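The next block holds one structure in the form of structure tokens; read it before the comments.
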2 protein chains.
Amino acid sequence: MATIKDIAKQAGVTPSTVSRVLNNTGGYNDKTKAKIEAIAKSLHYQKNEAASNLVAKTSNLIGVIITDSKTSFAAPIIDSVEDTAYTNGVRILLAHCGLNNPKRLRFCLDLMAGQKVNGIISVAVQFDDDSLDYLNFTKLPLISLNVTVPHHTSVTIDDVRAAYDGTSFLIDHGYQKTALVAVDRNDPQTGSKRITGYQNAIQDAGLPLASSNIVEGDFSFEAGLKAAEKLLTGDHRPDAIFAASDDAAAGVLSYAYEHNIKVPAELAVLGFDDSHVAKIVTPALTTVKQPFSEMGRMAVEKIMAHSTTKNIMVPYQIMERQSV
Amino acid sequence: MATIKDIAKQAGVTPSTVSRVLNNTGGYNDKTKAKIEAIAKSLHYQKNEAASNLVAKTSNLIGVIITDSKTSFAAPIIDSVEDTAYTNGVRILLAHCGLNNPKRLRFCLDLMAGQKVNGIISVAVQFDDDSLDYLNFTKLPLISLNVTVPHHTSVTIDDVRAAYDGTSFLIDHGYQKTALVAVDRNDPQTGSKRITGYQNAIQDAGLPLASSNIVEGDFSFEAGLKAAEKLLTGDHRPDAIFAASDDAAAGVLSYAYEHNIKVPAELAVLGFDDSHVAKIVTPALTTVKQPFSEMGRMAVEKIMAHSTTKNIMVPYQIMERQSV
DNA sequence: ATGGTTAATGTAAACGGTTGCATAAACAAT
DNA sequence: ATTGTTTATGCAACCGTTTACATTAACCAT
């Protein structure tokens with residue numbers, strides 16, 4: 001591969017001049033510029049980023065840490081992160097940290113630090129104390145999407161209010177026996193907040209609160225399926241199920257389909273996220289939309305701007321389709 | 001950030017010794033090794049990859065080029081690529097090239113060349129002549145998944161036979177009036193191959209071929225929906241629809257649901273890919289599974305091994321669920 | 001004691017770009 | 001003609017690691 005030295009030799013100038021031309025830093029004759037650019041092109045010159053990064057002490061790389069790519073909302077976020085990065089001239093270093101795997105998260109952070117990334121975007125990643133300490137030590141800016149991280153910037157929706165509004169939406173549509181499904185009570189970020197919002201809405205509507213109406217689980221399809229089974233075989237059948245994710249809602253839909261329960265006539269199903277699956281299941285899911293693309297875009301822009309805002313709340317929105 | 005020089009100074013040795021210890025290249029006293037490692041830890045030393053890459057003329061980076069992350073089968077591939085990369089000590093540089101966007105693809109390749117990646121994995125990316133020339137010039141090894149690229153390694157299924165077997169599967173289950181949906185006749189890689197396989201199966205079964213039974217389209221949900229509309233409103237209703245993707249199959253399912261057509265009683269639907277959606281739609285999709293995880297893993301391993309095998313065919317498999 | 005090995009470490013030159021400072025040439029202003 | 005200013009380019013150091021080669025010390029065998 002050709003280097004600036006090769007170009008310099010051919011052009012009869014020094015590497016510094018070539019560097020100046022190629023970086024458009026000014027201070028050279030138009031004719032030399034043209035000559036150098038022509039030679040660079042003819043040699044298919046490609047800058048060695050490692051060398052450049054070494055002196056610049058940066059990399060034009062943004063680290064993206066996600067638990068895994070299958071997480072349904074990872075795709076739209078990564079899409080918008082990539083697009084925004086592209087228009088900003090930075091690139092994406094992707095790493096998976098798994099679920100509750102401190103060792104691997106630590107590895108990811110090590111990797112990002114070694115690559116001297118401009119910043120890190122984490123998607124739905126919970127930081128343990130050790131990783132957080134290390135992150136603070138590296139001084140790398142972090143933008144956390146979906147969950148908050150102490151002393152770092154986060155972009156989230158207001159989960160309490162979103163759950164409140166979702167529940168109210170069901171109540172306003174005449175459903176009185178609602179259930180909340182596939183939430184984790186021990187998750188301080190999402191689960192407990194949504195439970196709070198859900199309960200508040202029920203109380204504010206003057207409806208009875210029954211703890212049996214909350215079925216815990218992760219955000220998966222299977223969690224929705226199991227929860228539906230539990231709820232719909234019992235005596236106190238709910239007439240509406242609010243799932244913590246679209247995947248879980250699809251699980252509910254699937255159970256209803258198997259058991260010939262008509263949605264939304266006999267049972268309303270409200271999803272959460274507005275991920276890809278919301279549009280393609282039958283009936284299409286009414287769901288609480290999280291603005292993932294927006295969040296990804298903001299994250300990149302915050303990093304580029306060295307913004308130090310702490311917690312950013314973005315608006316959610318109820319997407320009405322056919323399941324309520 | 002601490003450098004090996006800082007460590008060397010504290011340990012009373014030269015940077016070379018530190019480098020040797022940290023890289024386990026041998027040739028040092030156990031006591032100095034212990035001392036250096038202790039100091040490195042206390043300083044939270046983190047190797048500057050740029051410097052290291054500069055002399056090594058490589059980056060331990062694998063470039064992954066995909067059209068976009070929303071593509072349903074990108075997720076499982078990226079998951080397995082990331083996992084395999086993790087266990088092999090390499091990292092992932094991710095770039096999107098969009099759909100039929102030569103300029104952006106060229107940009108991606110530039111980026112990969114600049115970063116001196118060990119190799120490139122492309123997922124369902126069509127290379128135009130210009131990009132291909134450039135790729136060849138860079139000498140970067142490419143592993144193309146899902147489609148073949150002239151003179152480069154590819155990992156694909158046998159699309160002709162997969163379509164043949166899928167169609168035969170429908171015929172064997174008693175469906176005589178099949179249709180193929182959401183394929184692109186002008187796509188030499190997937191579309192035309194699957195059309196060939198489909199037609200061969202029909203002819204071999206002694207059934208009549210009607211060109212109206214092939215409805216073109218991209219692989220999207222909407223394509224499936226539209227195709228279903230076209231096929232199911234006409235007089236010659238098919239009794240089975242073979243979609244080119246699970247998303248398209250979901251579109252068919254959705255149309256059937258809307259119009260009260262029972263699946264699989266009145267209409268069989270066969271998907272393609274076995275992506276995430278296949279399991280969560282109702283009824284769950286019977287589909288032709290592509291071994292995406294396997295393909296991702298192989299791609300990384302091929303790059304690490306500097307393998308030069310050309311075209312690798314991996315086995316597909318019909319996953320029987322409820323839609324046929 | 002002498003020479004030969006071996007092990008541990010040092011020396012210095014790379015890797016490819018960037019950049020502050022110096023220099024030279026060209027030009028303008030007195 | 002002299003001085004000052006601007007423009008274009010060169011010089012050389014530096015970024016942090018790696019590594020071939022040189023050096024030193026220690027040990028062993030004669």
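The values are calculated or read from the model by the stated rules, or taken from the named source; none is laboratory data. Predicted, not measured: the structure shown is a model, and the values here were computed from it. Heads up, the Cβs are rebuilt from the backbone with ideal geometry, glycines too, and the neighbour counts pull from every protein chain shown. In case anyone asks, the SASA skips ligands and DNA or RNA and just uses the protein heavy atoms, side chains included. Shrake-Rupley method; radii C 1.70, N 1.55, O 1.52, S 1.80 Å.
Among residues of segment A:7-27 that are within 14 Å of another protein chain (Cβ to nearest Cβ) and touching a residue at least 12 places away in the same chain (Cβ under 8 Å), those with a Cβ under 9 angstrom from a residue that is open to solvent by 70 Å² or more (accessible area, probe 1.4 Å) and more than 6 Å from DNA strand D (Cβ to nearest atom), sequence gap 6+ or separate chain, pair up as A:L22/A:E37; A:L22/A:K47. Scanning segment B:172-189 for residues that are open to solvent by less than 50 Å² (accessible area, probe 1.4 Å) and within 23 Å of B:L225 (Cα to Cα) gives B:Y175, B:T178, B:A179, B:L180, B:V181, B:A182, B:V183, B:D187. With respect to the stated conditions, B:S16 fails to be away from DNA strand D (no atom under 14 Å from the Cβ) and open to solvent by 50 Å² or more (accessible area, probe 1.4 Å). Quick one: in segment B:41-86, of everything that is in contact with a helix residue (DSSP H, G or I) (Cβ under 6 Å, 6 or more places away or on another chain) and within 16 Å of DNA strand C (Cβ to nearest atom), which residue is farthest from B:R104 (Cα to Cα)? Taking the candidates together, the pick is B:K47. Applying the criterion of at least 3 residues that are modelled with pLDDT of 95 or more to the strands (runs of 3 or more DSSP E) found wholly in segment B:261-324 leaves B:268-273, B:286-289, B:317-319.
Being more than 11 Å from DNA strand D (Cβ to nearest atom), out of contact with any strand residue (DSSP E or B) (no Cβ under 9 Å at 6 or more places or on another chain) and of a type in the set (A, V, I, L, M) is a condition met by no residue of segment B:41-64.
Among the residues of segment A:263-276, is there at least one that is free of Cβ contacts under 8 Å to residues at least 12 places away in the same chain, surrounded by fewer than 22 Cβ atoms within 10 Å (Cβ to Cβ) and within 12 Å of chain B (Cβ to nearest Cβ)? Spell out how you get there, then give the answer.
Narrowing segment A:263-276 to residues free of Cβ contacts under 8 Å to residues at least 12 places away in the same chain: A:265.
Next cut, surrounded by fewer than 22 Cβ atoms within 10 Å (Cβ to Cβ) only: A:265.
Now restrict to residues that are within 12 Å of chain B (Cβ to nearest Cβ): none.
No, segment A:263-276 has no match at all.
Which of the residues spanning segment B:118-158 are out of contact with any helix residue (DSSP H, G or I) (no Cβ under 7 Å at 6 or more places or on another chain) and acidic (D, E)? Passing the criteria: B:D129, B:D133, B:D158. Tallying residues that are open to solvent by 80 Å² or more (accessible area, probe 1.4 Å) and either under 30 Å from B:L145 (Cβ atoms) or assigned to a strand (DSSP E or B) (or both) within segment B:20-66 yields 1.
Restricting attention to segment A:68-88 and to residues that are among the hydroxyl-bearing types (S, T, Y) and within 10 Å of the chain's Cα centre (by Cα), the residue that is surrounded by the most Cβ atoms within 10 Å (Cβ to Cβ) turns out to be A:S72. Scanning segment A:67-81 for residues that are out of contact with any Leu (no Cβ under 7 Å at 6 or more places or on another chain) and either of a type outside the set (A, V, I, L, M) or assigned to a strand (DSSP E or B) (or both) returns A:D68, A:S69, A:K70, A:T71, A:S72, A:F73, A:P76, A:D79, A:S80. Taking every residue in segment A:138-150 that is more than 14 Å from chain B (Cβ to nearest Cβ) and farther than 18 Å from A:R194 by Cα and pairing it with any residue that is open to solvent by less than 10 Å² (accessible area, probe 1.4 Å) and part of a loop (DSSP other than H, G, I, E, B), at least 6 positions away or on another chain, the pairs with Cβ-Cβ distances below 8 Å are A:L142/A:V149; A:S144/A:V125.
In a residue-by-residue description of segment B:187-195, the property of being more than 28 Å from B:N100 (Cα to Cα) and either under 22 Å from the mean Cα position of the chain (by Cα) or at pLDDT below 95 (or both) applies to no position.
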